[in-house]
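The values are calculated or read from the model by the stated rules, or taken from the named source; none is laboratory data. Quick caveat: nothing in here was measured; it's all calculated off a predicted structure. Ideal geometry is used to build each Cβ from the backbone, glycine not excepted, and the neighbour counts take in all protein chains shown.
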Amino acid sequence: MKILHNTDLQPFNTFNINSIAAEIFVIESMDDFENNLKFPLKNIKIWGGGSNILLTQPQSDTILKIETKGKNILQENDNEAIVKVAAGENWHQFVLWSLENKLYGLENLSLIPGTVGACPIQNIGAYGVEVKSVIENVEAIDLETGKTLTFANQDCEFGYRDSIFKSKYKGKYLITSVIFKLSKKPNIKIGYGDVQKILAENGISNPTPSDVSNAIISIRQSKLPDPKEVGNAGSFFKNPIIPIDLFDNLKQKFDNIPSYPIDNESIKIPAGWIIEKCGWKGFRESNFGVHPNQALVLVNYGGASGKSIHHLAQKIQSDCYEKMGIKLEMEVNVW
Ligand code: EPU
């Protein structure tokens, strides 16, 4: 296990925020988890790809930076394969690996930043698929005792950008690997957003999973800023689920309000649309702001502090609440 002291976290977070970590333990193997950590582990923060974090202060807690690697097919038959993947693997590299191995179910989740170990925590989702649909088990270490546990899919209490690891068990476990069930038979899902349109534009009427992956990669690249060029953490807010009454009121003012049905009482509306209608799209203050093509993404144009971005997020929250009566919840972790 490598140990770093007084290290700038800037190269490790996609928002590109400077913030000094007092101590970083770099975990590179299962042996590091099992033999080099002393339990109970207290005052620690677990670091995956740094793609969903806004750093607003120096980090005094020990950072456990998970860099374990490994992708193994545990079992397979003619229809499916069970694959175990180490927490430190890069998510998108794993998606590409699955396609190369003709294992399907992940293609709609192409190009999502972050690591495999982080994917169950917020049940990553895009283009009509959530990762909960392919997760069999999650293996984790109890930070109190050091014991390894296996959570079955139904124990993870997955919801929209949510799981038990964000709620009841927040800070209690360290995810070491995720076990996926992938299909050998393609099950193409192109009903969401512009996927079908892009495929048609490219003359593809009978898409393969790789075609779907490529279409989604091109949509994401055109809509979302590349963190290597402009610091950001993807969607900064969750899409809010609001009561139908409030939706009906808003509809009188904006008849083309986009929405996704939930049930008879509630409806999900895109936070990006709300933020745009409240006038924030493309807002810029010195070196930070709201992305001009996607109002759901806050950006660091270079050298901004996490505190100033957090302050902007709070201003957007109170303004949207005042103008539309909708409370936006932050999706990004503020540390
Ligand atoms: N919209 C606007 N203005 C904007 C942005 C969006 O009016 O500035 C409208 C669009 O016109 C569209 C609707 O909002 O009608 C939805 O926009 P989009 O398809 O871009 O998706 P989203 O709801 O903004 C969600 C996820 C993304 C995921 C995409 C595609 C959340 C919080 N975000 O975004 O996830 O990639 O759908 O499935 O659920 C992430 O979590 O970091 C992330 C990028």
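Below, the figures for the structure above:
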item	result
Helices (runs of 4 or more DSSP H) enclosed by segment 223-335 - at least 1 residues per element that are touching a residue at least 24 places away in the same chain (Cβ under 8 Å) and among the basic types (K, R)	271-277, 306-324
Counted residues, segment 264-295 - those being more than 7 Å from the ligand (Cβ to nearest atom), of a type in the set (G, A, S) and within 23 Å of the chain's Cα centre (by Cα)	2
Residue count, segment 197-243 (criterion: farther than 24 Å from N16 by Cα, more than 13 Å from the ligand (Cβ to nearest atom) and surrounded by fewer than 17 Cβ atoms within 10 Å (Cβ to Cβ))	10
Residues of segment 79-102 that turn out to be more than 21 Å from the chain's Cα centre (by Cα) and either within 18 Å of I46 (Cβ to Cβ) or in a loop (DSSP other than H, G, I, E, B) (or both), as a count	3
Given (1) closer than 25 Å to P227 by Cα; (2) out of contact with any Leu (no Cβ under 6 Å at 6 or more places or on another chain); (3) not assigned by TED's automatic domain parsing to the domain that holds S133, number of the condition E89 does not satisfy	(3)
Positions within segment 116-147 being small (G, A, S) and buried (at least 20 other Cβ atoms within 10 Å of the Cβ), in sequence order	G117, A118, A140
Among residues of segment 104-128, those that are under 16 Å from K238 (Cα atoms) and among the β-branched types (V, I, T), counted	3
Subset of segment 132-174 [part of a strand (DSSP E or B), farther than 20 Å from T62 by Cβ and not β-branched (V, I, T)]	E136, N137, E139, L149, F151, A152, G159, D162
Residue that is nearest to the ligand (Cβ to nearest atom) [pool: residues in segment 296-319 that are of a type in the set (D, E, K, R) and over 13 Å from V334 (Cβ atoms)]	D319
Lone qualifier among E34, E28 - being of a type in the set (D, E) and within 14 Å of T115 (Cβ to Cβ)	E28
Selected residue (criterion: nearest to the ligand (Cβ to nearest atom)) from residues of segment 320-335 that are in contact with a helix residue (DSSP H, G or I) (Cβ under 9 Å, 6 or more places away or on another chain), over 27 Å from I121 (Cβ atoms) and not aliphatic (A, V, I, L, M)	K323
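Okay, residues lined up against (1) small (G, A, S); (2) more than 17 Å from P207 (Cα to Cα):
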position	(1), (2)
N90	no, yes
Q93	no, yes
L99	no, no
K102	no, no
E107	no, no
A126	yes, yes
N137	no, yes
I141	no, yes
T145	no, yes
